[in-house]
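*Asks:* Before I ask anything, here is the structure I am working with.
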Amino acid sequence: MKLDNCDLAEGRCFAYCPRTQVDLETIHQKVFGQSYLNIDIGLFKQVKMARASAPILRQKAQTAGVVSALMNFALKEGVINGAVLTHRTADHLPRGRVIRSPDEILSCQGSSYVASPTLQALNQGPWEDTERIGVVGTPCQVLAMRKMSVSSLKRNTLMDRVTLIVGLFCTWALTYEPFMKYLKNRVNGAQIRKLDITPPPERLLKVLTDDDHMWDVPLDEIRPFIRTTCGICLDMTSELSDLSVGTVEGIQGWSTVITRSHLGEEILRRAEAAGIIESQPFPEENFKHLREASLLKKKRALLALKERGELENGYIILSRELIGRILSEAEEAGS
Amino acid sequence: MAFEKDPFNIIITGVGGQGNVLASQLLGQMLVQQGYMITIGETYGASQRGGSVMSHIRVSQRDQFSPLIPEGKCDLVVGLEPVEALRVLANYGNPGVLMLINTRPIYPIDVIAGNASYPELSILLKKIQRLSRNVWTLNATEIGLELGDPIFSNIVMLGALSVLDLLPLHREEFQKAIEELLPSHKLHLNMEAFERGREAVQKLPV
Amino acid sequence: MSILSKDSPGKKTLFMGNEAIARGAIEAGVQVCAAYPGNPSSEIIGSLSQVAEELGIYVEWSVNEKVAVEVAAAASFAGLRGLTAMKQNGLNVASDFLFNLNLTGSKGGLVIVVCDDPSALSSTNEEDSRPYAKMCDLPLLEPATVQEAKEMTRWAFDLSEELGLPCLIRSVTRLSHARGIAELGNMPKNRPNPRFDTSRPIIPQPVMLTHKALHDKIKKCQDRFEESAFNLYRGPERPELLVVTCGPGWMYVREALANMGAENRAGIVKLGTTWPLPGSFLMEHLKKANRILFVEEVDPFLENNIKEFCAQRAAELEVKTFLGKASGNLPDVGEINPDIVTGAIQQVLKVSYEPRPLQYTQEAAEAVSLFAPSRELGFCAGCPHRATYWSVKNALAMDGRDGILLGDIGCYALGVRPAGFGQMKTCHAMGSGIGLANGFGQLERFGLNQPVLTVCGDSTFYHAAIPALVNARYNRSNFLMLILDNSATAMTGFQPHPGTGRTAMGAEAPVVEIEGLCKALGAQVEVKNPFDVQDTTEAIYKLLQDREGIKVLILRQECALVRVKRQKALYKVRVNQEQCIGQECGCNRRCTRIFKCPGLAWDPVTGKAQIDEAICTGCGVCADICPQSAILKETI
């Protein structure tokens, strides 16, 4: 794909895109100082169940307000001076937004399951030279940021100022226009207040409209709007972030939190100590489900790549050995 | 005044928006006032949007000539822009052509965009010198800017031309022509531009 | 004080060809003048509008050429003298009326001036208008000099009145835009009052009778032409070669023969009345030589007609060799010039002629190719069209279905070039954009998935777009129409139109609102400011998703050249030199390499972008395209 007849031999668009030339091993080494070994849910220090202590943070939150609480805390403590979160319009169109005050975080709660150009806000800022920035993103966005920080084309990428990356779990994302058009029609034109995808075995898109009506839309109806790129994504739990947050299967009101880096672990610990976050140990049963779900996504992605003839020479560099391990562990976890 | 050739052929060339047409009109008017037979051919239209503009001026005491100068028959080039002055030599130049050039470049859009390069002025002028008999230069745009608007550069060039004694282009004729063609309140500044051109022109050393 | 209205008979002045035509009409006592702007004809009615009030005549800019001819014809039907002028394409637009007008005839002198643009120096096509005269059986005059332009026009009114037929005058760029000396004649004395004789309807029926009557008129015209001083012969009694020419060819041929020293070898037949042919005059001179070379602009009109004439009168003539476009002695496309003519005569007469040393020619050509960078046409700094095309480009890229943008005529026609990012994909006649959109907008039923868009200027809208819009509504075609309203007929010289609030004569005029018209026609209408690139891009994208009916997006922003006369800038724009990462910009200097506004320059020394304050008009659009947000705009 050529943008504007560009004649550059090496462009930043190509270098930073999460779907071009991903050398996972190199990136992982640069970020964590270790090889990529934990092929199920990525490198981690701890896995916990958590939720925001303050009810106000849980009210409009997608699940448990954990991300909001953590970012809030990080801003208050001065760990970061500004943050980039995703904000949605009344029509659920998402955009990145630069946040400087804890109050603004509330405006960025909730998910629309729609792909968002969040990193545009990181690029545009505006930022002061000495600001430390925190970013909340999906696995692909986190991957893009890590590619930015390891790229040899590194120029003013701001990654030297991004100190905290919170990754969200993600199975797939939807394309806004056709999805919204379909959904609006589906709910007879009512104003949509909240969207929620329930865990298996139900797997419904629950749509809450302004008239307090809850609609149940079978996921199969919205699968056509899943972005093609999600089919070749191998990262469900945001394996390259400082810490990752997602749902807990079968348990309402609590989130799964995975700490990966020293900073991620430290932030969670301090937030817990300050009473901002409540946490519990993560049940063994749920850990099994988590592994299984993550490996399943990887397996699907590998099969999709294989079908495209891009298993060996596709966008992501994976050794035969790694591919073999992923597939066999996915088999094992599934059975 | 009898001059070397009849017809005496002049090309005023520049970029759209430089006042090429007015300059040729004034020049023509000055000579018509003195009984010469003048034909002027213009090429403009889409050239307003950044393209080259040419006026061909045929000066004669015996006949009305065509609005286009034949190949190789130009006697004098008044270049409002350096590259344009060179450009017309491809079709109309000859070893005896005389050149009066405004040295301030106007960059083509591709040069502005960084996609092409504009020649270094001294090299350009040397090249022009090789392809002509004499070259005179001045920075007419600079003078125009001093007078308040770069558009005055075309009048400055006419002033410079009058000093070269190639044609009967005296101050009085110029004033008559300006009064004929432009509103009266513009007279003063235009006369000043004309004078400044007379003072500023210099012959390029070989 | 314009030379057009000066009452000084005998004074010799420099006139532009078009001005000479206007002056000829004034001297003939013209009272009603109407036209649509079109290069190279615009100055005819343009200069008349400047003196209209002073002279007590009526001058208007009509919405299109058909209406313009009808306005002038109305004056003629009422016994006044009327004039209309147009470029070659205008005659096409007016032709239906013309083919009826020839049969009904006219009353007061009616003159139709058509100015062709050989080589399409500022047109979309190349066309020779003269065949219309033959097709319609109307008198045709072709001036060769500026003086002739004035005299012929003046005479044409008398001729028209005598014959009861409109008279065609054909000019070309090299005459219309040339300046030469013409002598002022007398200003008109009395002018009649208009009256339409309702007892004598002006209709072409019964056609068998009127058509016959037309032929009789043309025969009478032919007699007049035999006596005309506009036709002449210059040269020896028995030349080796006879050159038959008209228009600017007359001057090219004379000069060519003089330069080659061949004046006693070739004779020139100059025709000023080129249809119908003055048979006896031709016969006399065609007998002088058996090799005949035709020199004329664009099509072999004289060439073919005279060959036809010779075939008819073959018994009286010896065998002739005809040379011209058919024989390949002259190019069959493009403008003629002194060098082409010289080359043709040189070839035929076998003259050796070198205008300058060959070495000089080679050296000059080489110098120019090395040291003279070409000047690509582009939009002016601050032109709203650049912003519009940028938004179209982005919206179509986001949409991803390979949208088709159908184009039309005006400054925005530069949209086919890099200046407009190559967005415009078709360009034909006035209103063809929306015409084609009507058709493309019906092809979805056959599987066309590409969204259809069309772009149309404000002046073009009034000229030709409205009927097509009605058609689209009625036949339910699906497309997005972008109306680029810059409040000007910019390309041709900023003549007023129904949207600008002023008439040709400077009076205030009611504004015919585009939104209102489109809404009344049932279109979905939105208005945006093209300088607001984000907003415009989103609007275009959104409207493209709508698969039902016609959507009209009016992009309203004043033409930069008009705006800067009043106020300098909307914003103060500058490039933050620290923020600009120059050559390392990820998109490879997207701002200068692609966007290409002359106010935004690339400084090769610093390796960064700069605003050229002398050129920048402060529209602020570039501030929105920089991926680094390095271009800043402050409201003034």
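The values are calculated or read from the model by the stated rules, or taken from the named source; none is laboratory data. Given the structure is predicted, the values throughout are model-derived calculations rather than measurements. Neighbour counts are summed over all protein chains in view; Cβ atoms, including those assigned to glycine, are modelled from backbone coordinates with ideal geometry.
*Asks:* Sort out which residues of the range B:158-178 are in a helix (DSSP H, G or I), in contact (Cβ under 8 Å) with a residue 60 or more places away in the chain and not aromatic (Phe, Trp, Tyr), and write them in order of number. So that I can check it myself, show each step before the final result.
*Replies:* Going through the range B:158-178, the residues in a helix (DSSP H, G or I) turn out to be B:158-163, B:171-178.
Right, trim to in contact (Cβ under 8 Å) with a residue 60 or more places away in the chain and you get B:158, B:160-161, B:173-174, B:176-178.
Correct list: B:158, B:160, B:161, B:173, B:176, B:177, B:178.
*Asks:* Okay, moving on. Kindly indicate which of C:257, C:282, C:302 is at pLDDT 95 or above, surrounded by 24 or more Cβ atoms within 10 Å (Cβ to Cβ), in a helix (DSSP H, G or I) and more than 14 Å from chain B (Cβ to nearest Cβ).
*Replies:* Exactly one residue qualifies, and that residue is C:302.
*Asks:* While we're on this one: Can you go through C:413, C:437, C:397 and tell me which one is crowded, with 19+ Cβ neighbours inside 10 Å, at pLDDT below 95 and in the same structural domain as residue C:551 (by TED's automatic domain parsing)?
*Replies:* Selected residue: C:413, the only one of C:413, C:437, C:397 that is crowded, with 19+ Cβ neighbours inside 10 Å, at pLDDT below 95 and in the same structural domain as residue C:551 (by TED's automatic domain parsing).
*Asks:* Still on this structure, I have one more. Would you mind finding the one in B:113, B:140, B:85 that is small (Gly, Ala, Ser), buried (at least 17 other Cβ atoms within 10 Å of the Cβ) and facing chain C (nearest Cβ under 7 Å)?
*Replies:* Details: B:140 fails: facing chain C (nearest Cβ under 7 Å); B:85 fails: facing chain C (nearest Cβ under 7 Å).
The unique qualifying residue is B:113.
*Asks:* Something else about it: When you check residue C:63 against the structure, is it more than 19 Å from residue C:158 (Cα to Cα), assigned to a loop (DSSP other than H, G, I, E, B), away from every other protein chain (no Cβ under 14 Å) and modelled with pLDDT of 95 or more, yes or no?
*Replies:* yes
Yes/no per residue for (1) touching a Leu at 6+ places or on another chain (Cβ under 9 Å); (2) not β-branched (Val, Ile, Thr):
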residue	(1), (2)
C:508	no, yes
C:533	no, no
C:539	yes, yes
C:544	yes, yes
C:551	yes, yes
C:557	yes, yes
C:561	no, yes
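*Asks:* Could you tell me which numbered condition residue C:356 fails, if it satisfies all but one of (1) more than 14 Å from chain B (Cβ to nearest Cβ); (2) assigned to a loop (DSSP other than H, G, I, E, B)?
*Replies:* Every condition holds for residue C:356 apart from (1).
*Asks:* Given the conditions (1) surrounded by fewer than 20 Cβ atoms within 10 Å (Cβ to Cβ); (2) within 14 Å of chain B (Cβ to nearest Cβ), which single one is not true for residue C:529?
*Replies:* Result: residue C:529 fails condition (2) only.
*Asks:* Another question, if that's okay. Output the number of residues of the range C:615-636 satisfying the condition of being part of a loop (DSSP other than H, G, I, E, B), under 14 Å from residue C:381 (Cβ atoms) and more than 14 Å from every other protein chain (Cβ to nearest Cβ).
*Replies:* If we filter the range C:615-636 for residues that are part of a loop (DSSP other than H, G, I, E, B), which is where we start, we get C:615-620, C:625-630, C:636.
From what is left, the residues that are under 14 Å from residue C:381 (Cβ atoms) are C:615-620.
Filter once more, keeping what is more than 14 Å from every other protein chain (Cβ to nearest Cβ): C:618-620.
Residues that pass the stated criteria total 3.
*Asks:* I would also like to ask the following. Do we find a residue being within 23 Å of residue C:255 (Cβ to Cβ), within 14 Å of chain B (Cβ to nearest Cβ) and crowded, with 19+ Cβ neighbours inside 10 Å anywhere in the range C:361-382?
*Replies:* yes
*Asks:* Being crowded, with 23+ Cβ neighbours inside 10 Å and over 23 Å from the mean Cα position of the chain (by Cα) is true for just one of C:14, C:48, C:55. Which residue is that?
*Replies:* C:14
Results for (1) crowded, with 18+ Cβ neighbours inside 10 Å; (2) in a strand (DSSP E or B); (3) in contact with an Asp or Glu (Cβ under 9 Å, 6 or more places away or on another chain), shown as yes or no for each residue.
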residue	(1), (2), (3)
C:445	no, no, no
C:448	no, no, no
C:454	yes, yes, yes
C:465	yes, no, yes
C:497	yes, no, yes
C:504	yes, no, yes
C:512	no, no, no
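*Asks:* Sticking with this structure for a sec: How many residues are charged (D, E, K, R) and either within 10 Å of chain C (Cβ to nearest Cβ) or in contact with a Gly (Cβ under 8 Å, 6 or more places away or on another chain) (or both) if we restrict to the range A:11-53?
*Replies:* 3
*Asks:* Taking only the range A:20-47 into account, find how many residues are within 30 Å of residue A:275 (Cβ to Cβ) and crowded, with 20+ Cβ neighbours inside 10 Å.
*Replies:* Number of matching residues: 2.
*Asks:* Now a separate question. Is it true that residue C:236 is touching a strand residue (DSSP E or B) at 6+ places or on another chain (Cβ under 8 Å) and surrounded by fewer than 20 Cβ atoms within 10 Å (Cβ to Cβ)?
*Replies:* When the stated conditions are applied, residue C:236 passes them.
*Asks:* Follow-up. Take the residues in the range C:383-416 that are within 12 Å of chain B (Cβ to nearest Cβ) and in contact with a strand residue (DSSP E or B) (Cβ under 7 Å, 6 or more places away or on another chain), then tell me which one is nearest to residue C:429 (Cα to Cα).
*Replies:* C:410
*Asks:* Could you identify the single residue in A:143, A:158, A:164 that is within 13 Å of chain C (Cβ to nearest Cβ), under 30 Å from residue A:78 (Cα atoms), in contact (Cβ under 8 Å) with a residue 12 or more places away in the chain and surrounded by 16 or more Cβ atoms within 10 Å (Cβ to Cβ)?
*Replies:* A:158
*Asks:* Looking only at the range C:17-41, which residues are crowded, with 24+ Cβ neighbours inside 10 Å and within 14 Å of chain B (Cβ to nearest Cβ)?
*Replies:* Hits for the range C:17-41 are C:17, C:18, C:19, C:20, C:37, C:38, C:40, C:41.
*Asks:* Return the residue satisfying two criteria in turn: it lies in the range C:160-210 and is more than 12 Å from chain B (Cβ to nearest Cβ) and of a type in the set (Lys, Arg), and of such residues it is farthest from residue B:38 (Cα to Cα).
*Replies:* C:200
*Asks:* Anything in the range A:222-258 that is in a helix (DSSP H, G or I) and among the aromatic types (Phe, Trp, Tyr)? List them, or say none.
*Replies:* A:225
*Asks:* Name every residue in the range C:595-614 that is more than 9 Å from chain B (Cβ to nearest Cβ) and part of a strand (DSSP E or B), in order of residue number.
*Replies:* We begin by selecting, within the range C:595-614, every residue more than 9 Å from chain B (Cβ to nearest Cβ); these are C:605-608, C:610-611, C:613.
Scanning the range C:595-614 gives C:608, C:610, C:611.
*Asks:* Considering only the range A:301-327, state which residues are touching a residue at least 60 places away in the same chain (Cβ under 8 Å) and either of a type in the set (A, V, I, L, M) or touching a Lys or Arg at 6+ places or on another chain (Cβ under 8 Å) (or both).
*Replies:* Passing the criteria: A:301, A:302, A:304, A:305, A:314, A:315, A:316, A:317, A:318, A:322, A:326.
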